Amino acid sequence: MFKEFLKKRWHFYIFGIISLIIIDLLQLFVPKFVAKAVNALQTIKDINEVKTFVLSILALAFGMLIGRFWWRYFIMGSSRYFDYYAKKNLFDKILGLDMFFFDKHRSGDIMAYFTNDIATVERMLGIGVVQLTDAVFMSSMTVFFMATSTNWKLTLIALSPLPGIILISALFGKLIFKRSRRVQDVYSELSGYTEETMDGVRIIKSFSIIPKIEELFEERARKHFDATISLIRVWGVMWPLVHFVGTLAFFLALTVGGPMVVKGTVTLGDYLAFNSYIGMLIWPLTAYGMVMNVIQQGRASLQRLRELQSVQPFVVEPENPVKLEHIEVIETKKLSFKYPETDRFVLKNVDFSVKKGQFVGIVGTVGSGKSTLVKIISKLYPVENGQVFINGIDINHLHSRDIRKLISYVPQETFLFSNSVKENVAFAMEEYDFDKVKEMVKLSAVEEDVEKFPKKYDTIVGQRGVMLSGGQKQRLTIARALMRDADVYIFDDCLSAVDPETEQEIIETLRTKMKGSTMIIITHRLKILQSADIIYVLDQGQVVEKGTHYELLRNEGLYARMYKKQLVLGE
């Protein structure tokens, strides 16, 4: 990303640096004109000579005005473009990663890349470039002008302390980089915890554990504070040292140059110009310290961004994918699966088959791998070759985009965007028919609720659907899934917040209205699976039983025990 940005904008930086160098040159001529004006005052005969000097200085000032506009346009404009370019590329990169990345990283951690890290690199590419150009060019040219325009011996004596600034910057550079990286890492941790707390604020309040949460937040905020103070200490020592060394140059200029003026070795005008040059030189040399800080912080953030850019998805898309138009059959053969970077097998030798138009149930004990199985056939996680097939084609030869266009998956966790009801239902559609939205809402048995909302289908549901009940959110997510006209619908225990009668009514309605489509339902309420074509029973990652509802009851195995227990409990 960084290299591509430089390829796009290198010429902007060239023009910006040239503009900045021209300004620096014009600035260097100002003391020269002032010196000539002061020296000429002793022998002036015509007032027009003074006007000439004044007009020359005004012309230089006007030239600097134009130049300052252009370097800001080229350099600072490019740094702002990096902000846009980096955020866009980072957003695309993150969306292209598979679910395992999001399993490991909290959204607050990810947001830290978009806010803190990109902003730090932007400063490096903006003000950092300006300061570096000033530090290198202005310092070297100022020394040249001092030596050639005034007195080279005085120049050498006065500037003898200034190389110490470069040495100080170099010595402190590594410390700044390490501590800057530490600041960015703990900021990411703090950001992640804050975002997670805000998402779970209702749970926190319901459990009345605010003091504990405040304590945990204070612990992370303290870590960030300590890391920042650690960086400030280094910066706080380096900056006064740089200023002290710079001040020594003025001291030597006064102690050595003053007597030279008295003796007549150096004219008063040249001495004033010399002091002006020292003033000009102090800034670029002290800028080495500032540049070092900006660059090292930028490097630390850039390293974090590069690490994120280098993350590769575990789900690898084929170079020449087989085109998938429809889904007729989904099957797994001896499927064994463990999540990336883990050792425990979640699924073991699972044989599973779904044919077009079938109503398939998946049940089992908690943690038996039910959700994992449907996520795998949606290609959300990687599997080895020869284990999962769609229409007889290995899933690794199909593009996940084609698969997910034909599979509409409703996960356990409900998520609604802070938009209106109709916008949430039609979320996946570029264009949609409002009548179809109403039809899908009706199929999901939530029409009556929506009609009671203040603005009906235009009602804003709030962040994550906070304005709705759990059952309303679940039914709206089903309506959203139905909008896609998919070949396969997967409902992963997504009606747990509604009563069993409503759940059964929804399933039966969907079964009738969506005839010809394949339905896979994961549920703990076994009663709704009475009309299922086949039911798979999982325990500890293995298929221990399969058959219809009544066949499984006759087997008197795990399914029968689970069903009888539910009858006793009245579920």
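A short reminder: the numbers here are calculations on the coordinates, not readings from a lab. Because the structure is predicted, anything quoted here is derived from the model rather than measured. Cβ atoms come from the backbone with ideal geometry, glycine included; neighbour counts cover every protein chain shown.
What are the residues whose amide H is under 5 Å from the amide H of L335, where those residues sit 5 or more places off or on another chain and H is modelled from the backbone?
Amide H neighbours of L335: N349, V350, D351.
Would you mind computing, in nm to one decimal, how far apart the modelled labels at A221 and S336 are, each placed 7 Å from Cα along Cα→Cβ?
Each label point is offset 7 Å from its Cα along the Cβ direction, giving 5.1 nm.
Determine the alpha carbon to alpha carbon distance for each of K334/K515; K323/K370; K104/K323; K3/K87 and list only those over 25 Å. The partial results should precede the final answer.
Working: K334/K515 30 Å; K323/K370 28 Å; K104/K323 32 Å; K3/K87 15 Å.
Over 25 Å Cα-Cα: K334/K515; K323/K370; K104/K323.
For the residue pair T365 and K565, what label-to-label distance in nm results when each label sits 7 Å from Cα along the Cα-to-beta-carbon direction?
Simple spin-label model gives 0.9 nm for this pair.
Can you give the Rg and Dmax of the stretch 310-406 based on its C-alpha atoms, in angstrom?
Looking at the stretch 310-406, its Cα Rg and Dmax stand at 13.4, 42 Å.
Could you order peptides 113-124, 506-517 by the average number of other Cβ atoms within 10 Å of their residues, highest first? Could you put the intermediate results ahead of the total?
Numbers: 113-124: 19.9, 506-517: 14.9.
Highest-to-lowest ranking by the protection proxy: 113-124, 506-517.
Report ³J(HN,Hα) in whole Hz for each residue of the stretch 430-442, in order, from the Karplus equation J = 6.51 cos²θ - 1.76 cosθ + 1.60 where θ = phi - 60°; Gly and Pro get x.
So the Karplus estimates, Gly and Pro as x, are 5, 10, 8, 9, 4, 5, 5, 4, 5, 5, 5, 5, 5 Hz.
Taking a spot 7 Å from the Cα of L171 along the direction of its beta carbon, which residues of the stretch 225-245 have an amide N less than 19 Å from it?
So the set is 231-245.
Hey, with R₀ at 22 Å, roughly what FRET efficiency would Q530 and N349 work out to, going by the Cβ-Cβ distance, to 0.05?
With a Förster radius of 22 Å, E is 0.20.
How compact is the stretch 419-496 by the rule of thumb for globular proteins, expressed as Cα Rg over 2.2 N^0.38 Å?
Values: Rg = 11.6 Å, N = 78, 2.2 N^0.38 = 11.5 Å.
The value comes to 1.01.
At 7 Å along the Cα-to-beta-carbon direction for both A428 and K455, put a label point, then send me their distance in nm to one decimal.
Distance between the two pseudo-spin positions: 2.6 nm.
Which value, to two decimals, describes the C-alpha radius of gyration of the stretch 329-569 once divided by 2.2 N^0.38 Å?
Working: Rg = 18.2 Å, N = 241, 2.2 N^0.38 = 17.7 Å.
Against the compact-globule rule of thumb, the ratio is 1.03.
Using modelled backbone amide H atoms (1.01 Å from N, in-plane), which distant-in-sequence or interchain residues come within less than 5 Å of I522's amide H?
I362, F491, D492, D493
Taking 25 Å as R0, compute the FRET efficiency from the Cβ-Cβ separation of Y73 and L6 and round it to 0.05. Spell out each step's value before the answer.
Values: r = 18 Å, r/R0 = 0.72.
Rounded to the nearest 0.05, the efficiency is 0.90.
For an R0 of 30 angstrom, estimate the FRET efficiency from the Cβ-Cβ distance between K178 and D92 and round to the nearest 0.05. Walk me through the numbers on the way to the answer.
Values: r = 31 Å, r/R0 = 1.02.
Step by step, r from the Cβ atoms, then E = 0.45.
Can you give the extra length, in nm with one decimal, that the chain gains between S310 and E413 once fully stretched, where that is 0.36 nm per residue apart less the Cα-Cα distance? Before the final figure, lay out the partial values.
Working: separation 103, 0.36 × 103 = 37.08 nm, distance 2.95 nm.
Extra length from S310 to E413 when fully extended: 34.1 nm.
Can you run phi through the Karplus equation (6.51, -1.76, 1.60; θ = phi - 60°) for the stretch 305-322 and list ³J(HN,Hα) in whole Hz, with x for Gly and Pro?
Using θ = phi - 60°, the values come out as 5, 5, 4, 5, 5, 7, 5, 10, x, 6, 7, 9, 7, x, 5, 10, x, 6 Hz.
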